[in-house]
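The structure under discussion appears below in the form of C-alpha cells.
The values are calculated or read from the model by the stated rules, or taken from the named source; none is laboratory data. Keep in mind that this is a model prediction, so the values were computed, not measured. Methodologically, a virtual Cβ is constructed for each residue, glycine included, from the backbone with ideal geometry; neighbour enumeration extends over all protein chains shown.
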Amino acid sequence: MTDKNAPDDNNPIARRNFLLGASTAVAAGLAPTAAAQAQQPAAAAAADAAGSEPATYLTLTQAEAAFFAAAVDTMIPADELTPSGSDCGIVTFIDRQLASAWGGGAKMYRNGPFRKAKPEYGYQLPLTPRQFFAVGIVATNAWTHKVYGKDFDRLAANEREDALKALEQGKAELGDFDAKPFFEALLHIAMEGFFADPIYGGNRNKVAWKMVGFPGLPAVYSHLIEQYRNKRYVVEPQSIADFS
Amino acid sequence: MATRLKEVDAVMVGMGWTGSILARELTKAGLTVVGLERGEDLTPRENFALPAVRDELRYSYRLELIQDPALETVTFRHRPSESALPMRRFGSFLPGNSVGGAANHWGGQHWRYLPSDHLTRSHIVERYGAKAIPDDMTIQDWAMTYDELEPHYDKFDKLCGVSGKAGNLRGQKIEGGNVFEGPRSNEYPTPPLIMCESGLMFAKVAKELGYHPFPQPASNASRAYTNSEGLTLGGCQYCGFCERNGCEANAKAGPHVCVLPVLRADPKFTLRARAWVSRLSYDKAAKKVTGVVFTDTRTGEEYEQPAGLVVLSAYVFGNISLLLNSGIGEPYDPVTQKGVVGRNYCYQLSRLGVTLFFEDKVFNPFMGSPGTQMVMDDFDGDNFDHGGLGFLGGCKIQLGHADGRPISYRPVPPGTPRWGSTWKKATAKWYQHAARITLSGSNYASRYNYIDLDPTYKDQLGRPLLRMTYNFVENDYKVADYCMEVALKIARAMNPTMMGPPGLRRGDYNTVPYQSTHNTGGTIIGHDPKTSVVNRYLQAWDADNLFIMGASTFPQQPAYNPTGPVGALAYWSADAIVTKYLKSPGPLVHA
C-alpha cells in the first residue's frame with residue numbers, strides 16, 4: 001500500500017506528522033490498529049493529548065523516533081485497555097531517558113578492555129544506553145531493508161510483529177550486533193515507559209496503572225490492608241505530580 | 001602527599017549499620033570517633049520524603065541509592081580457569097552507597113541464625129559424621145555460639161523495633177512463632193505486621209500439611225516504637241515501596257532512624273561524608289594499623305587520618321578490598337588452600353519459586369511490606385534429617401505480598417507472550433490474582449569460590465578491583481531441588497486455578513537478574529589464624545587494633561538474610577572492645 005502523503009526519508013515533516021497522532025497514521029494507511037483505536041473514547045483523548053505536545057526531541061533523530069514509535073506500538077498496541085504505546089507517551093519517555101545521565105552511561109563501569117562474553121557476565125559493550133539504541137536501530141533497519149526492502153517503521157503491522165519476534169528469538173541477522181540483547185533492552189525500556197510514574201513522560205493519564213489496578217500514590221495502607229483482604233481496592237490512581 | 005589530620009581514638013570506615021553502632025558504643029565509652037563514608041550524607045526528611053520516594057523507576061531501575069560501579073565494581077568469572085570481566089552494572093546484588101549504607105534500601109527482613117548455623121561444621125560432624133561433608137566444602141564454625149550472641153541479638157532487636165512473634169521464649173516453644181529458632185530472652189519489640197490474604201492462605205495449608213508457618217520477623221515496626229537509643233520509629237504503612245527505596249514513615253530500621261540522630265548530637269563524634277578510604281596504614285612488624293588514607297571525593301585531595309583503633313565497617317567487598325590493597329593478611333589461594341583473605345566467599349540461593357494464579361482471589365499486591373509474608377523453616381538449616389539426602393543446608397519457604405510496583409511486578413500465566421495484545425490482556429487480568437511461593441537457600445562455602453585482586457581492571461582511584469570467582473556447586477542444586485518439591489507440594493495443596501513452572505536453580509550463576517544483596521565471607525571469623533581473618537571478637541589476627549564488621553566475617557551463608565547477625569556481631573565486638581580491649585590493648589585471643 002502506497003500513498004503520496006506517506007512520510008519517507010526525503011520528507012521528514014511527513015514523518016513527524018505520522019508521529020503526532022492517529023489521524024495522520026490512518027490517512028497514511030500505515031497503522032491499521034489505529035483505526036480501531038480511534039473508535040475508543042479513551043484512546044482518542046490520549047491521542048489528543050499526544051497531539052498537543054510538539055514532536056520535538058531532546059536527543060532522538062526523527063528516524064529513531066519513528067523506529068521507537070513503530071516498536072512500542074507493536075509491543076503495546078492500542079486496544080480496549082489502553083491507547084498505543086506512542087500515544088501513551090513512551091517515545092517521549094525513551095527520548096528523555098536516553099538524554100538523561102543514565103542514557104549517557106551514568107552508573108556504568110566503562111573502562112576497557114572490552115570482550116565478548118557469555119550472557120551471565122552481563123552487559124559488556126563500550127556503548128552508553130544512548131549509543132546502544134542508536135547502533136541497534138541502524139542495525140535493525142539495515143536488516144529489515146535486506147528482508148523487506150524498507151525501514152522497520154515502514155513495515156505493515158504483521159511484518160513488524162514478525163520482525164520483532166525474529167529479534168526476540170535472535171533470528172534476525174544484525175551482523176556484529178547481537179539481536180537478542182537489543183530486543184531485551186527495547187522491550188524493557190518500553191515497559192518502563194508504559195508503567196513508570198507519568199512524570200517521566202510515559203504512562204500518560206496513568207493508563208497502564210488503570211489497566212492493572214495499581215493505585216500509585218500515596219500508598220499508605222496501614223488502615224486498609226486488613227479491610228481489603230481478598231477484596232478489590234479500586235481508586236483513581238494518583239502520581240507524583242498529583243502530590244507536588 | 002596526603003595531608004595528615006589530628007589523631008583520633010577510633011575511625012570507622014563506612015557509616016552503615018555497623019559503623020554507626022560501633023561509633024555509638026565507642027563514643028559512649030569516652031572515645032573520640034571519626035566516621036568516614038564514601039557516599040553522600042542523607043537525611044530521611046529530605047531524601048526519603050513523599051511524594052518523590054514513591055518512584056519505582058528512580059529507585060528500582062536507575063538505582064538512586066546504589067553504589068556507582070563507575071567508581072568501584074567487582075570483576076567476575078565462574079571458575080579459576082576463566083579470565084574475569086567487570087560487572088559493568090550491578091544486577092545480582094546492589095550494595096548501598098551513602099551514610100546509612102545498604103540499610104537505606106534494604107527490605108527489613110530480620111533474622112537470627114539458628115544455633116546450629118553458628119556451629120555449622122561441628123554440628124554436621126556430630127550428627128552425620130565427618131564424611132558427610134564433601135572435600136571441597138570448606139564450612140567452618142563461627143567462633144562463638146548462639147547463646148553467647150543472644151544478648152547482642154536482643155540488643156539489636158531493640159534498636160530496630162523488630163516486628164514478629166517469638167517461637168522460643170527462654171526455651172519454651174510457642175506455637176505461631178518460629179519453633180525452630182534459638183531461645184530468645186525477650187519477645188519481639190513490636191507485634192507481627194498485619195498479614196495479607198496470600199500469607200494467610202499459605203499458612204493454613206502449610207499447617208494442614210504438618211509444617212510450622214510463622215509471620216516474617218521484620219525491621220518494619222508494626223507500630224510506633226521508642227528504641228533503645230530513645231529514638232522513635234513510626235509504624236509501617238504497607239506502602240509496597242520498601243526494598244530499594246528509603247522509608248518516609250521512619251518505620252524501616254536503619255542508622256538514620258535508629259542511631260545517627262544520637263551520634264550527630266555527640267561532640268565526640270565527627271561524620272565525614274564523601275571520604276573514600278583507599279587504604280589502611282599498616283605496620284606489619286608491629287601488627288598494628290596506624291590509621292587510614294582517604295580521598296575527599298569533592299576535591300580529589302588525599303588525607304591521612306591517624307587513629308588508635310580502626311574499624312572496617314564497609315560492605316563485604318569494601319572490607320576485603322581494603323585488606324588486600326593494604327597488604328594485611330595473606331591472600332587466599334584455592335590451589336594450595338593457603339591464605340585467608342578472600343576465602344569462603346558465599347552468596348544465597350534465591351530466585352527460586354513458583355507462581356500460583358487464583359481466579360477467585362484478590363490480593364491487592366501493592367499493599368504490603370517485606371514483612372507481610374508467612375514463612376516456614378521446617379526445611380531450613382539442619383531442621384530436618386539430612387541422612388541419605390546427599391546434601392547439606394536448606395531453604396526457608398515463604399509466601400506473601402511485599403509490593404506490586406508494576407514495572408517489575410507483572411505476573412502472567414505460563415505460555416503468555418511477553419508483549420502485544422495477548423500479553424496486555426493477560427497482564428490486566430492477572431495482576432490482582434497471582435501469588436508466588438519463594439525459597440531462599442543456604443550457600444555453603446566451597447574451595448573455589450573466593451575473592452582476590454583483579455590483574456587488569458582498576459577502580460576510579462586506580463586500585464585493582466576485586467575479582468570474584470564464584471559459581472553454584474552440586475550441593476546448591478540439590479538443596480534447591482529438594483526444597484522446591486516441598487514448595488510444589490504446598491502449592492498444589494493450595495489448589496490454584498493454575499501454576500507457573502517451578503523456577504529452579506540450573507546452570508551457571510547469572511550476574512544479571514537481581515538475586516540478593518547477601519554476599520558473605522572473605523574476612524571470616526574463626527579459631528585459627530590459618531583459616532580465618534578475625535578471631536571471635538572480630539579482631540584481625542594480623543593487627544590487634546583493627547576490627548572487621550559485617551557479613552564479610554561469616555564463614556558461610558545460612559538460608560536467612562544476614563542483617564540480624566551483622567547487628568548482633570557489631571554489639572558483641574563493641575562489647576569486647578570496651579570491656580576487654582581498651583583495658584588491655586593487644587590480641588584478645590592468643591592463637
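Please work out if A:Leu98 is more than 17 Å from A:Thr74 (Cα to Cα), assigned by TED's automatic domain parsing to the domain that holds A:Asp197 and in a helix (DSSP H, G or I). Give the steps one after another, and end with the answer.
Details: more than 17 Å from A:Thr74 (Cα to Cα): yes; assigned by TED's automatic domain parsing to the domain that holds A:Asp197: yes; in a helix (DSSP H, G or I): yes.
Answer is yes for this residue.
B:Phe93 - would you say it is touching a strand residue (DSSP E or B) at 6+ places or on another chain (Cβ under 6 Å) and either at pLDDT 95 or above or assigned to a helix (DSSP H, G or I) (or both)?
no
Between A:Thr82, A:Thr140, A:Thr92, which is more than 11 Å from chain B (Cβ to nearest Cβ) and touching a Lys or Arg at 6+ places or on another chain (Cβ under 9 Å)? Full working, then the answer.
Numbers: A:Thr82 fails: more than 11 Å from chain B (Cβ to nearest Cβ); A:Thr140 fails: touching a Lys or Arg at 6+ places or on another chain (Cβ under 9 Å).
Just one listed residue meets the conditions, A:Thr92.
When you scan region B:335-389, how many residues do you find that are in contact with a helix residue (DSSP H, G or I) (Cβ under 7 Å, 6 or more places away or on another chain) and of a type in the set (A, V, I, L, M, F, W, C)?
Matching residues across region B:335-389 total 11.
Scan region B:421-454 residue by residue and report those that are among the charged types (D, E, K, R), surrounded by 19 or more Cβ atoms within 10 Å (Cβ to Cβ) and away from chain A (no Cβ under 14 Å).
Keep residues of region B:421-454 that are among the charged types (D, E, K, R), which gives B:424-425, B:429, B:436, B:447, B:452, B:454.
Filter once more, keeping what is surrounded by 19 or more Cβ atoms within 10 Å (Cβ to Cβ): B:424, B:436, B:452, B:454.
Result: B:Arg436, B:Asp452.
Among the residues of region A:109-122, is any out of contact with any Phe, Trp or Tyr (no Cβ under 7 Å at 6 or more places or on another chain) and either under 30 Å from B:Tyr431 (Cα atoms) or not in a loop (DSSP other than H, G, I, E, B) (or both)?
The first filter runs over region A:109-122 and keeps only residues out of contact with any Phe, Trp or Tyr (no Cβ under 7 Å at 6 or more places or on another chain), leaving A:109-110, A:112-119, A:122.
If we keep only those that are either under 30 Å from B:Tyr431 (Cα atoms) or not in a loop (DSSP other than H, G, I, E, B) (or both) as well, we get A:119, A:122.
Yes, there is a match, as at least one residue in region A:109-122 is out of contact with any Phe, Trp or Tyr (no Cβ under 7 Å at 6 or more places or on another chain) and either under 30 Å from B:Tyr431 (Cα atoms) or not in a loop (DSSP other than H, G, I, E, B) (or both).
Restricting the search to region A:101-116, which residues are at pLDDT 95 or above and either over 22 Å from A:Thr59 (Cβ atoms) or among the hydrophobic types (A, V, I, L, M, F, W, C) (or both)?
Taking region A:101-116 first, the residues at pLDDT 95 or above are A:101-115.
A:Ala101, A:Trp102, A:Ala106, A:Met108, A:Tyr109, A:Asn111, A:Gly112, A:Pro113, A:Phe114, A:Arg115, listed by residue number.
Cβ-Cβ below 6 Å, separation at least six or inter-chain, first residue in region B:361-383 and touching a residue at least 60 places away in the same chain (Cβ under 8 Å), second of a type in the set (Val, Ile, Thr): which pairs?
From residues that are touching a residue at least 60 places away in the same chain (Cβ under 8 Å), the pairs are B:Met367/A:Ile225; B:Met376/B:Ile397; B:Phe379/B:Val486.
Filter region B:66-79 down to residues that are out of contact with any Pro (no Cβ under 8 Å at 6 or more places or on another chain) and within 11 Å of another protein chain (Cβ to nearest Cβ) and give me whichever is nearest to A:Ala117 (Cα to Cα). Outline the logic, then answer.
To start, the set of residues in region B:66-79 that are out of contact with any Pro (no Cβ under 8 Å at 6 or more places or on another chain) comprises B:68, B:70-72, B:77-79.
If we keep only those that are within 11 Å of another protein chain (Cβ to nearest Cβ) as well, we get B:68, B:70-72, B:77-78.
Numbers: B:Asp68: 22, B:Ala70: 20, B:Leu71: 22, B:Glu72: 21, B:Arg77: 10, B:His78: 12 Å.
The extreme case among them is B:Arg77.
Quickly run through region B:532-573 and pick out the residues that are within 16 Å of the chain's Cα centre (by Cα), over 25 Å from B:Ala218 (Cβ atoms) and not in a strand (DSSP E or B).
B:Pro555
Among the residues of region B:421-443, which ones are under 19 Å from A:Ala196 (Cα atoms), of a type in the set (Ser, Thr, Tyr) and in a loop (DSSP other than H, G, I, E, B)?
Passing the criteria: only B:Tyr431.
Quick one: count up the residues across region B:500-544 that are over 24 Å from B:Val74 (Cα atoms) and of a type in the set (A, V, I, L, M).
The initial filter retains those residues of region B:500-544 that are over 24 Å from B:Val74 (Cα atoms), namely B:500-504, B:526-530, B:535-539, B:541-544.
Of the ones still in play, those that are also of a type in the set (A, V, I, L, M) are B:504, B:538, B:543.
Total satisfying the criteria: 3.
For B:Leu399, indicate whether it is hydrophobic (A, V, I, L, M, F, W, C), within 30 Å of A:Ser239 (Cα to Cα) and touching a helix residue (DSSP H, G or I) at 6+ places or on another chain (Cβ under 7 Å).
On the way: hydrophobic (A, V, I, L, M, F, W, C): yes; within 30 Å of A:Ser239 (Cα to Cα): yes; touching a helix residue (DSSP H, G or I) at 6+ places or on another chain (Cβ under 7 Å): yes.
Yes: the conditions hold for B:Leu399.
Report, by residue number, each residue of region B:18-54 that is in contact (Cβ under 8 Å) with a residue 40 or more places away in the chain and facing chain A (nearest Cβ under 10 Å).
Selection gives B:Leu50, B:Val53, B:Arg54.
Going through B:Glu330, B:Glu301 one at a time, which residue ends up being touching a residue at least 40 places away in the same chain (Cβ under 8 Å) and of a type in the set (Asp, Glu)?
Just a single option satisfies the conditions, and that option is B:Glu301.
Given the conditions (1) buried (at least 19 other Cβ atoms within 10 Å of the Cβ); (2) of a type outside the set (Gly, Ala, Ser); (3) over 22 Å from B:Gly342 (Cβ atoms), report the number of the one that B:Asp68 does not fulfil.
All conditions are met except number (1).
Going by what's in this entry, would B:Glu82 be described as away from chain A (no Cβ under 14 Å), over 23 Å from the mean Cα position of the chain (by Cα) and over 13 Å from B:Tyr315 (Cβ atoms)?
Values: away from chain A (no Cβ under 14 Å): no; over 23 Å from the mean Cα position of the chain (by Cα): yes; over 13 Å from B:Tyr315 (Cβ atoms): yes.
For B:Glu82, the condition - away from chain A (no Cβ under 14 Å), over 23 Å from the mean Cα position of the chain (by Cα) and over 13 Å from B:Tyr315 (Cβ atoms) - is not met.
Looking only at residues that are free of Cβ contacts under 8 Å to residues at least 60 places away in the same chain and part of a loop (DSSP other than H, G, I, E, B) in region B:226-236, which one is nearest to the other protein chains (Cβ to nearest Cβ)? Reasoning before the result, please.
If we filter region B:226-236 for residues that are free of Cβ contacts under 8 Å to residues at least 60 places away in the same chain, which is where we start, we get B:226, B:230-232, B:234-235.
Next, from what is left, pick out any that are part of a loop (DSSP other than H, G, I, E, B): B:230-231, B:234-235.
Details: B:Gly230: 24, B:Leu231: 20, B:Gly234: 10, B:Gly235: 6 Å.
Checking each candidate, the answer is B:Gly235.
What are the residues in region A:168-202 that are over 23 Å from A:Ile137 (Cα atoms) and part of a loop (DSSP other than H, G, I, E, B), if any?
Across region A:168-202, the qualifying residues are A:Ala196, A:Asp197.
In the list A:Leu81, A:Leu19, A:Leu30, A:Leu98, which residue meets the criterion of being modelled with pLDDT of 50 or more and either under 16 Å from the mean Cα position of the chain (by Cα) or within 19 Å of A:Leu155 (Cβ to Cβ) (or both)? It would help to see each step written out before you state the result.
Numbers: A:Leu81 fails: either under 16 Å from the mean Cα position of the chain (by Cα) or within 19 Å of A:Leu155 (Cβ to Cβ) (or both); A:Leu19 fails: modelled with pLDDT of 50 or more; A:Leu30 fails: modelled with pLDDT of 50 or more.
None of the other options fit; the residue is A:Leu98.
Exactly one of (1) assigned to a loop (DSSP other than H, G, I, E, B); (2) surrounded by 20 or more Cβ atoms within 10 Å (Cβ to Cβ); (3) of a type in the set (Val, Ile, Thr) is unmet by A:Val220. Its number?
A:Val220 satisfies all of (1) assigned to a loop (DSSP other than H, G, I, E, B); (2) surrounded by 20 or more Cβ atoms within 10 Å (Cβ to Cβ); (3) of a type in the set (Val, Ile, Thr) except (2).
Please find, among B:Arg410, B:Arg405, B:Arg418, the residue that is in a loop (DSSP other than H, G, I, E, B), within 14 Å of chain A (Cβ to nearest Cβ), touching a helix residue (DSSP H, G or I) at 6+ places or on another chain (Cβ under 9 Å) and crowded, with 24+ Cβ neighbours inside 10 Å. Spell out the reasoning first.
Working: B:Arg410 fails: crowded, with 24+ Cβ neighbours inside 10 Å; B:Arg418 fails: crowded, with 24+ Cβ neighbours inside 10 Å.
Answer to the check: B:Arg405.
A:Ser244: at the interface with chain B (Cβ under 8 Å from one of its Cβ atoms), free of Cβ contacts under 8 Å to residues at least 24 places away in the same chain, surrounded by fewer than 20 Cβ atoms within 10 Å (Cβ to Cβ) and among the hydroxyl-bearing types (Ser, Thr, Tyr), yes or no? Break it down into steps so the answer makes sense when it comes.
Values: at the interface with chain B (Cβ under 8 Å from one of its Cβ atoms): yes; free of Cβ contacts under 8 Å to residues at least 24 places away in the same chain: yes; surrounded by fewer than 20 Cβ atoms within 10 Å (Cβ to Cβ): yes; among the hydroxyl-bearing types (Ser, Thr, Tyr): yes.
Judged against the criteria, A:Ser244 is a match.
Kindly indicate whether B:Leu389 is at pLDDT 95 or above, buried (at least 24 other Cβ atoms within 10 Å of the Cβ) and more than 19 Å from the chain's Cα centre (by Cα).
Details: at pLDDT 95 or above: yes; buried (at least 24 other Cβ atoms within 10 Å of the Cβ): no; more than 19 Å from the chain's Cα centre (by Cα): yes.
Judged against the criteria, B:Leu389 is not a match.
Quick check on my filter: what residues within region A:143-160 are surrounded by 17 or more Cβ atoms within 10 Å (Cβ to Cβ) and either within 11 Å of another protein chain (Cβ to nearest Cβ) or of a type in the set (Gly, Ala, Ser) (or both)?
First pass over region A:143-160, keeping only residues surrounded by 17 or more Cβ atoms within 10 Å (Cβ to Cβ): A:143-144, A:151-155, A:160.
Listed by number, the list holds a single entry, A:Arg160.
Of all the residues that make up region A:221-241, how many are over 31 Å from the mean Cα position of the chain (by Cα) and at the interface with chain B (Cβ under 7 Å from one of its Cβ atoms)? Reasoning before the result, please.
Restricting attention to region A:221-241, the residues satisfying the condition of being over 31 Å from the mean Cα position of the chain (by Cα) are A:221-231.
Right, trim to at the interface with chain B (Cβ under 7 Å from one of its Cβ atoms) and you get A:221-222, A:224-226, A:228-231.
The number of residues fulfilling the criteria is 9.
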